[in-house]
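Notes follow once the structure below has been shown.
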Amino acid sequence: MHREGMNPDDVQPEDILCDFCGDPAWSAGTACIEGHQGSLICGSCLTIAYRSLVLERQDLPSAPCRLCLETRDDPAWKGICVEGSACRRCIKQAAGALHKSKDWDWVKPLDS
Ligand SMILES: [Zn+2]
Ligand SMILES: [Zn+2]
């Protein structure tokens, strides 16, 4: 998401925040991946969400997803400190993409 009050004609890296924890992941150089309409999930949120939704298969209620902008039947992970949820499909896709990305050394969390 974009920082409140930023200039849309002059977007700075620090204006781009993780939708789920509010960290300026982009300017901090943290692994992160984009969703629709400028939404962003950072690697640490993705790790937590992947654990909850994919590994532990927690039975979470569905919610409008910030990343695909849909409300699906999938369980949705609720962000840490910001209003926003991510559906299981998006988390799986994002984890797959970030895992493969050569720009980051983020790896999918393993079943423990
Ligand atoms: Zn985050
Ligand atoms: Zn989604």
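The values are calculated or read from the model by the stated rules, or taken from the named source; none is laboratory data. Here the structure is a predicted model, which means the values were calculated and not measured. Because the Cβ atoms are built from the backbone with ideal geometry, glycine has one as well, and the counts that use them run over all protein chains shown. Keep in mind that these areas ignore ligands, DNA and RNA; they rest on the heavy atoms of the full protein, side chains included. Shrake-Rupley method; radii C 1.70, N 1.55, O 1.52, S 1.80 Å.
Observations, loosely collected:
- 0 to 90° range, to nearest 10: angle between helix 88-100 axis and the chain longest Cα axis: 70 degrees
- Taking a ≥ b ≥ c as the square roots of the eigenvalues of the Cα gyration tensor, an a/c ratio of 1.5 or more together with a/b no larger than b/c marks the chain as oblate.
- Mean ellipticity per residue at 222 nm, deg cm²/dmol - from DSSP H runs of n ≥ 4 across the chain, formula -39500 (n - 2.57): -6000 deg cm²/dmol
- Relative contact order of the range 13-100, defined on C-alpha pairs under 8 angstrom at six or more residues apart (%): 27 percent
- Top of LEU53, LEU69, LEU40 by mean-square fluctuation, Gaussian network on the chain, Cα under 10 Å: LEU69
- The solvent-accessible area of ASP59, taken with every protein chain present and a 1.4 Å probe, is close to 150 Å².
- Solvent-accessible surface ranking, highest first, for TRP77, TRP104, TRP26 at 1.4 angstrom: TRP26, TRP104, TRP77
- Length added when fully stretched, ILE80-ARG3, from 0.36 nm per residue minus Cα-Cα: 26.0 nm
- Sequence-distant aspartates and glutamates (8 or more away, or on other chains) whose Cα lies within less than 19 Å of LYS108: GLU34, GLU56
- Averaged over its residues, the chain has an accessible area of 59 Å² per residue, based on protein heavy atoms and a 1.4 Å probe.
- Rounded to the nearest 20, the Cβ-based charge dipole of the chain about its Cα centre (Lys and Arg +1, Asp and Glu -1) stands at 560 debye.
- Ordering of 41-50, 87-96 by packing is 41-50, 87-96, highest average first (other Cβ atoms within 10 Å, averaged per residue).
- Once the C-beta distance of VAL11 and SER62 is scaled by a Förster radius of 30 Å, the resulting FRET efficiency is 0.45 to the nearest 0.05.
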